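Beneath this line is the structure, given in structure tokens, with notes to follow.
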Amino acid sequence: MAGKFVVSLTCSKNDTDKATVAFVVANAAVASDKQTVVFLSIEGTRLSQQGYADEIHEAGFAPLKELMDNFAAAGGEIYVCSPCFKKRALDENKLIPGAKIVGGAKLVEFMSEGAPSISY
């Protein structure tokens, strides 16, 4: 792949527009042959749970679950902030495909070679 790209997402049902646009951009990045990571933190960590995004559908966009599934199927990775995940008492056994719980050091390692990023 030609380069890396990070989409940082702090929202879920508290701002479904931002959550949706973040995955639209992530899909564009992975389709552009970028090694792409979506970093879910704060409320965004809730999207790591199976079933959580199923009913989120912003007008004018594909349903969020479809965007997330397409991203994972295209080889995108989803990093889930470990402390944020634990704070919300989420279930490791219900992680969506492509998601892995990581500490901040894993994101720093991924970005250390100058990966551009965008935040929602």
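The figures follow:
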item: Heavy-atom accessible surface of the chain: percent carbon and sulfur, 1.4 Å; result: 51
item: Solvent exposure ordering (accessible area, 1.4 Å, most first) of Ile96, Ile42, Ile78, Ile101; result: Ile42, Ile101, Ile96, Ile78
item: Cα gyration tensor shape for segment 4-119, rounded if a/c is under 1.5, else prolate or oblate; result: oblate
item: Computed accessible area, Tyr120, all protein chains, 1.4 angstrom probe, square angstrom; result: 50
item: Cys residues of the chain counted as unpaired, since no other Cys beta-carbon is under 4.7 Å; result: Cys11
item: Cα→Cβ-extended label distance, 7 Å offset, between Asn93 and Ala59, nm; result: 4.1
item: 20 Å Cα-Cα reach of Lys100 towards lysines, excluding residues that sit fewer than 8 places from it in its own chain; result: Lys4, Lys34, Lys65, Lys86, Lys87
item: Length-normalised contact order for segment 30-110 - Cα pairs under 8 Å, 6+ apart - percent; result: 36
item: Solvent-accessible surface (1.4 angstrom probe) belonging to Asp15, in square angstrom, nearest 10; result: 50
item: GNM top mover of Val25, Val108, Val38 - the chain, alpha-carbon springs below 10 Å; result: Val108
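The values are calculated or read from the model by the stated rules, or taken from the named source; none is laboratory data. Since we're looking at a predicted model, the values are computed, not measured. Here the Cβ is made from the backbone with ideal geometry for all residues, glycine too, and neighbour counts use every protein chain on show. Quick note on the areas: whole protein, heavy atoms, side chains included, nothing else; ligands and nucleic acids left out. Shrake-Rupley method; radii C 1.70, N 1.55, O 1.52, S 1.80 Å.
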